1. For segment 148-196, what ratio Rg/Rh do Cα atoms give with a Kirkwood hydrodynamic radius?
2. Dimensions of the chain along principal axes (Cα, Å, largest first)?
3. Enter the Cα centre distance for the pair segment 105-170 and segment 36-80, rounded to the nearest angstrom.
4. Using mean Cβ contacts within 10 Å as the protection proxy, how do 83-91, 188-196 order, highest first?
5. What value, in deg cm²/dmol to 500, does the helix sum -39500 (n - 2.57) over DSSP H runs of n ≥ 4 give at 222 nm once divided by the residues of the chain?
6. Under a point-charge model restricted to the Cβ atoms of Lys and Arg (+1) and Asp and Glu (-1), what is the dipole moment magnitude of the chain relative to its Cα centre, in debye to the nearest 20?
Amino acid sequence: MPKQLHFRLLLFLMVYLILKYMGGSFGALVLYPVTLLVTILHEFGHALGALLSGGKVEGLQINPDGSGYTITRGGSAGLVLVGGYLGSAILGNVLFRIGAKHHRLAQGTLITMAVLMALIGLIWFESFTSTGILWAFAASLVFFALKTTWDQDVLMFLGLAAVLYIIQDFNVGPSSDLAMYEQVVGLFPAQIWMYIWLAVAVLMSFWNARNTFRGY
């Protein structure tokens, strides 16, 4: 089991890096679901930040090009903003951990993700395109959960790829959130907050990986 887990991590890491940096348009196409997942996690992180701080979510949009936005009202603006980048990093690490170590939770996690995506597309409806993307992604997760034995592999790869994507995208993806965070929270300019968020995401991922492989 220890050797198998290390092999899976190395294999998934190599696959991701090859597709990302050597795959060209084909690699971008294969990683397209990862791009969408990162956007979904990012926007869900905003929504979760609003709900946890007593606010409301009025709409959530996922675009085919990988962009998106979340409309919230009330709650803590700071928590809503930081929830996009760091919230998605937390969720990505959770998926990786379950895929790596918790066989009994893997199938249920995929189905839970599918149900959440379907509900998000329905309850926080913003456009038919967005809901269609969320429902298509949900259907693919249900397929992997019920029709294959790849549930752990799918979770581990999606979680790993999402975390790597989030860390690599630190100076692009959350730029608008960082600009607003500077206005709302202050203390530091957006450029400094960018590296603080990055440091938190990297340290969190390192801690998660270390604990996942502890004792191996």
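1. 1.24
2. 48, 37, 35
3. Using only Cα atoms to place each centre, the spacing works out to 16 Å.
4. So the order, starting with the most tightly packed, is 83-91, 188-196.
5. Only helices count here, giving -26000 deg cm²/dmol.
6. 820
The numbers here are math on the coordinates, done by the rules we state, and not lab data. Keep in mind the model is a prediction, meaning the values are calculated, not measured. All Cβ positions, even for glycine, are placed from backbone atoms using ideal geometry, and neighbour counts span all protein chains on display.
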